[in-house]
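**Student:** Quick one: the structure is below, and I'll ask about it shortly.
The values are calculated or read from the model by the stated rules, or taken from the named source; none is laboratory data. All figures in this text were calculated on a predicted structure; none of them were measured in a lab. With ideal geometry, Cβ positions are generated from the backbone for all residues, glycine too; neighbour counts draw on all protein chains shown.
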Amino acid sequence: MKAIRFASVIMLVAMVLVACAPAAPSSTTTTTSATPVATIPSDQLVQSGLLFFCSDIPYPPQEYFDQNGNPQGTDIDIATEIAHRLGLKALFVNTVFDSIIPALSSGKCDAIISAMNITTDRQKQISQIKYFQAGQSMVTLKGNPNKINTLMDLCGKAAAAESGTTEADYIGGTGDYAGKGLTQQCTAAGKQPITLVVAQKDTDALQQLQSNKVVIYMADSPVAAYYTVQHPDQFELAAGGQVLEPIDEGIGVLCGTAKDCTNAPLSPVGSAIQTALKSMMADGTYTKILQKWNLTTGAVTLP
């Protein structure tokens with residue numbers, strides 16, 4: 001099992017500040033020339049001239065809709081800039097998270113950008129290009145009425161998470177946490193297991209907490225911090241902000257003909273996206289996007 005730690009004050013403050021970012025359009029100012037840094041053959045795309053990204057919206061601040069219904073967030077800005085550098089226009093397909101890999105496989109999009117953690121199980125199905133890093137946090141109601149001060153305080157209680165997420169795996173002991181999730185830790189300590197409430201959408205999981213049907217809602221740390229700052233009269237971080245060690249997030253692409261994508265080479269789509277992402281990192285545009293959303297603590301580098 002991945003180690004657990006208490007997030008540093010600096011990291012938590014940086015994550016909390018994300019909610020203070022001003023409203024912004026879904027695309028960011030580009031610094032590239034008209035010449036693409038790489039190209040994708042048209043027969044490799046869902047539609048020529050376009051780059052479709054599957055994304056589970058809303059999941060702020062990485063992807064959500066503005067007041068006019070336009071997608072925005074760090075993932076949206078990164079994907080928009082990647083498409084621009086490939087001479088394409090980015091379009092976003094709102095997709096339920098637990099069906100997002102099948103959506104890619106069935107040709108509904110060219111790539112996934114949706115705060116998706118890089119896990120062993122997912123790497124068997126698709127290739128994942130590292131582009132961000134985030135921890136995971138628990139949100140409770142204001143005042144922490146159920147006294148969730150440690151992970152073991154969840155034993156015998158109910159917790160909500162979105163279906164198909166690392167958080168659901170971690171609580172229930174599935175995926176990369178098979179047999180060693182929080183509920184198994186509870187039973188090993190002689191305590192009652194955790195009741196995992198799985199919601200199809202992340203906002204539905206948060207609603208479970210709002211309705212007092214669960215004692216915590218678990219999500220990626222930037223998202224958890226966003227909600228606690230946007231609604232300080234309703235929510236706060238549980239357990240003093242205790243989070244999992246940061247986990248890399250990846251842009252998902254098909255890996256070609258390989259049955260197991262773990263060590264498969266990138267497809268033409270994946271290779272071009274990685275080239276565009278590298279160029280964004282090299283000229284500082286990637287950093288500017290993260291600065292815009294106060295998420296520079298999640299910055300990563302590529303070889």
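**Student:** Which of the residues belonging to segment 220-236 are in contact with a helix residue (DSSP H, G or I) (Cβ under 6 Å, 6 or more places away or on another chain) and part of a strand (DSSP E or B)? I'd like the intermediate steps shown before the answer.
**Tutor:** Just the residues of segment 220-236 that are in contact with a helix residue (DSSP H, G or I) (Cβ under 6 Å, 6 or more places away or on another chain), to begin with: 221-222, 225-226, 229-230, 235-236.
Result: Phe235, Glu236.
Residue-by-condition table, conditions (1) modelled with pLDDT under 95; (2) under 21 Å from Asp220 (Cβ atoms); (3) of a type outside the set (A, V, I, L, M):
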{"residue": "Thr262", "(1), (2), (3)": "yes, no, yes"}
{"residue": "Val269", "(1), (2), (3)": "no, no, no"}
{"residue": "Gln274", "(1), (2), (3)": "no, no, yes"}
{"residue": "Ser279", "(1), (2), (3)": "no, no, yes"}
{"residue": "Gln291", "(1), (2), (3)": "no, yes, yes"}
{"residue": "Val300", "(1), (2), (3)": "no, yes, no"}
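**Student:** Among the candidates Asp110, Asp98, Asp43, Asp66, single out the residue that is surrounded by 22 or more Cβ atoms within 10 Å (Cβ to Cβ) and acidic (Asp, Glu). It would help to see each step written out before you state the result.
**Tutor:** Details: Asp98 fails: surrounded by 22 or more Cβ atoms within 10 Å (Cβ to Cβ); Asp43 fails: surrounded by 22 or more Cβ atoms within 10 Å (Cβ to Cβ); Asp66 fails: surrounded by 22 or more Cβ atoms within 10 Å (Cβ to Cβ).
Only one candidate passes the filter, namely Asp110.
**Student:** Evaluate segment 82-92: report whether one residue or more is crowded, with 23+ Cβ neighbours inside 10 Å, within 15 Å of the chain's Cα centre (by Cα) and not in a strand (DSSP E or B).
**Tutor:** Taking every residue of segment 82-92 in turn, none turns out to be crowded, with 23+ Cβ neighbours inside 10 Å, within 15 Å of the chain's Cα centre (by Cα) and not in a strand (DSSP E or B).
**Student:** Taking segment 247-273 only, how many residues are over 28 Å from Tyr226 (Cβ atoms) and crowded, with 18+ Cβ neighbours inside 10 Å?
**Tutor:** Of segment 247-273, the ones over 28 Å from Tyr226 (Cβ atoms) are 254-272.
Applying the additional criterion that residues be crowded, with 18+ Cβ neighbours inside 10 Å yields 254-255, 261, 264, 266-267, 269-270, 272.
Number satisfying all stated conditions: 9.
**Student:** Condition check: under 30 Å from Leu51 (Cβ atoms) and touching a Gly at 6+ places or on another chain (Cβ under 8 Å). Does Ala134 satisfy that?
**Tutor:** On the way: under 30 Å from Leu51 (Cβ atoms): yes; touching a Gly at 6+ places or on another chain (Cβ under 8 Å): yes.
Judged against the criteria, Ala134 is a match.
**Student:** Give all pairs with beta carbons closer than 6 Å in which a residue from segment 288-303 that is among the aromatic types (Phe, Trp, Tyr) meets a residue that is crowded, with 16+ Cβ neighbours inside 10 Å and at pLDDT 95 or above; count only pairs at least 6 apart in sequence or on separate chains.
**Tutor:** These pairs meet every condition: Trp293/Pro61; Trp293/Thr74.
**Student:** Kindly evaluate Thr74 against the criterion of being out of contact with any Pro (no Cβ under 7 Å at 6 or more places or on another chain) and hydroxyl-bearing (Ser, Thr, Tyr). It would help to see each step written out before you state the result.
**Tutor:** Working: out of contact with any Pro (no Cβ under 7 Å at 6 or more places or on another chain): no; hydroxyl-bearing (Ser, Thr, Tyr): yes.
Against the criterion (out of contact with any Pro (no Cβ under 7 Å at 6 or more places or on another chain) and hydroxyl-bearing (Ser, Thr, Tyr)), Thr74 does not qualify.
**Student:** Would you point out the residue of segment 46-63, among those that are in contact with a Leu (Cβ under 8 Å, 6 or more places away or on another chain) and of a type in the set (Phe, Trp, Tyr), that is surrounded by the fewest Cβ atoms within 10 Å (Cβ to Cβ)?
**Tutor:** Phe52
**Student:** May I pose another question? So which residues in segment 253-271 are of a type outside the set (A, V, I, L, M, F, W, C) and touching a helix residue (DSSP H, G or I) at 6+ places or on another chain (Cβ under 6 Å), if there are any at all? It would help to see each step written out before you state the result.
**Tutor:** Looking only at segment 253-271, we keep the residues that are of a type outside the set (A, V, I, L, M, F, W, C), and these are 256-257, 259-260, 262-263, 265, 267-268, 270-271.
If the condition is that a residue be of a type outside the set (A, V, I, L, M, F, W, C) and touching a helix residue (DSSP H, G or I) at 6+ places or on another chain (Cβ under 6 Å), then Asp260, Thr262, Pro268 are the ones that fit.
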